[in-house]
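Heads up, the thing below is written out as structure tokens.
Read-outs: derived from the displayed coordinates by stated rules, not from any lab. On a predicted model such as this, the values are computed, not experimentally measured, just so you know. Cβ coordinates were reconstructed from backbone atoms using ideal geometry, including for glycine residues, and neighbour counts include every protein chain displayed.
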Amino acid sequence: MAMITFIGLGNMGGPMASNLLRAGHSVTVFDLSEDAVAALVAEGAKTAETAHAAVDQAECVITMLPAGEHVEAVYLGEHGLLASLPADTLVIDSSTIAPETSRGVAEAAIAQGIAFLDAPVSGGVGGAKAGTLTFICGGEAETFARAESILSDMGKNIFHAGPHGAGQVAKICNNMLLAILMSGTSEALALGVKNGLDPVVLSEIMKQSSGGNWALNVYNPWPGVMEKAPASRDYQGGFLVKLMTKDLGLALDNAVQHHAAVPMGALARNLYELHAGQGNQDLDFSSIQRFYRGDDQ
Ligand code: NAD
């Protein structure tokens, strides 16, 4: 069992840290939110006054932070953690951030002899709680091998996508495709229903036909078709529109840098920005169905 410090105990990080405790690791936690820290301390985690004090004994540091600027603030610069971590520390960043930001942190880590892995996740809050996340890692094979057993205490599928930043690239490709699939599925369902079709019957037909996809199989966006999907609880919880727009922004920025044409991704981004602008940013991303139904305000 390892001495792990977990920084960033939000919707994802909180349950991930809980799973590490349950697996028997010695976990020290740190977050700017005292309530988030208190919840983990109640489960048996240790804590400290500062991030620097929290990593004092750590063999492994894991971060799960909102965006690139938070990751840079925690690791880089005079007051960043990399300046004080011992050379053999394993550092895993599971935040979803731009690949070039992640590579910048990796380079700074390597310069100090610290092993760094980008390991963004797929699977959402449900997957974080259930310990069934997919980890998509970028970094050296040796670092991946060191991290694998710790990651498997929080996830089910652990992939090595390639060198530093590759985990972030794969993650933003996946989420761009997810946004396109969800928008396309919502569009097809809205067209069928406008023609008088039953959304349950239409969904079943498309599931068994060439339009079948993940949204139809497990996350149907039409209310009432799938009892457990966010659509059937007024799009509450799940993967929020504001997080999808963030990830689409990362994908589009990356496409510009690499001169990649992503017309479908650009369209999906515009759809989600419009939808977010109608006050839907805190709904699940399958609420894009409302845009097609004409339910957006
Ligand atoms: P969140 O906003 O719920 O949690 C982030 C936590 O980081 C907060 O508790 C905040 O207080 C803490 N924090 C911010 N700056 C800090 C600092 N300098 N030091 C210590 N703590 C700090 O976010 P989340 O939903 O848990 O998402 C975290 C990351 O995971 C994001 O990059 C997101 O894109 C990604 N992600 C989220 C989901 C999801 O469904 N929520 C799914 C996959 C990936």
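Return P(r) of the chain (all Cα-Cα pairs; 10 Å bins starting at 0; whole %; ordered from short to long distances).
That works out to 6, 27, 32, 21, 11, 3, 0, in percent per bin.
Under 30 Å from the Cα of Lys207, which lysines turn up, not counting those fewer than eight places away in the same chain?
Within reach: Lys129, Lys156, Lys171, Lys194, Lys228, Lys242, Lys246.
What distance in nm lies between label points placed 7 Å from Cα along the C-beta direction at Val125 and Met3?
The modelled label-to-label distance comes out at 3.4 nm.
Full extension from Asp295 to Asn270: what is 0.36 nm times the residue separation minus their Cα-Cα distance, to one decimal in nm?
Computed gain between Asp295 and Asn270 is 7.2 nm.
Out of the range 61-130, which GluC sites (Glu not before Pro) are coil in DSSP terms and have no more than 15 other C-beta atoms within 10 Å?
Those that pass, being in a loop and sparsely packed, are Glu78.
Give me the extension gain from Ala261 to Asp282: residue separation times 0.36 nm, minus the current Cα-Cα distance, reported in nm with one decimal.
This chain segment gains 4.6 nm when fully extended.
222 nm [θ] for the chain, helices only, -39500 (n - 2.57) per DSSP H run of 4+, per residue, to 500?
It comes out at -14500 deg cm²/dmol, rounded to the nearest 500.
Compute the whole-percent fraction of alpha carbon pairs in the range 3-163 spaced more than 19 Å apart.
Counting pairs separated by more than 19 Å, the tail of P(r) holds 48 percent.
I need to check one value: relative contact order of the chain, counting alpha carbon pairs closer than 8 Å and at least 6 residues apart, in percent.
The value is 13 percent.
Just rank Asp247, Asp118, fewest to most, by other beta-carbon atoms within 10 angstrom.
Result, fewest neighbours first: Asp247, Asp118.
Return the whole-Å distance between the Cα centroid of the range 6-41 and the Cα centroid of the range 61-85.
One Cα centre to the other: 17 Å.
Could you tell me the calculated FRET efficiency between Ser33 and His79, based on Cβ-Cβ distance and R0 = 25 angstrom, to the nearest 0.05?
Efficiency, rounded to the nearest 0.05: 0.80.
Choose one of Gly192, Trp222, Leu65: the residue whose Cα lies farthest towards the positive end of the charge dipole of the chain (beta-carbon charges +1 Lys, Arg; -1 Asp, Glu; about the Cα centre).
The one lying farthest along the dipole's positive direction is Gly192.
Among Trp214, Trp222, which comes first, second and so on when ranked by fewest other beta-carbon atoms within 10 Å?
Ascending Cβ contact count within 10 Å gives the list Trp214, Trp222.
Once the Cα gyration tensor of the range 169-293 is found, what semi-axes does its equivalent ellipsoid get, as square roots of 5 times the eigenvalues, in whole Å, sorted largest first?
25, 16, 12
Relative contact order of the range 169-293, please, whole-number percent, based on alpha carbon pairs below 8 angstrom and at least 6 residues apart.
Relative contact order for the range 169-293 comes out at 33 percent.
Taking the Cα centre of the chain as origin, sum charge times position over the Cβ atoms of Lys and Arg (+1) and Asp and Glu (-1), and report the length of that vector in debye to the nearest 20.
I would put it at about 940 debye.
Taking only C-alpha pairs under 8 Å that are 6+ residues apart, what is the relative contact order of the range 3-163 in percent?
Relative contact order here is 20 percent.
Taking H as built 1.01 Å from N, whose amide H comes closer than 5 Å to the amide H of Ile62, not counting residues under 5 places away?
Here the answer is Thr5, Phe6, Ile7, Ile92, since their amide H atoms fall under 5 Å of that of Ile62.
Full-extension gain between Asp88 and Leu197, please, as 0.36 nm times their residue separation minus the C-alpha to C-alpha distance.
This chain segment gains 33.2 nm when fully extended.
Find the Rg to Rh ratio for the range 129-207, where Rh is the Kirkwood radius over alpha-carbon pairs and Rg uses the same atoms.
Answer for the range 129-207: 1.22.
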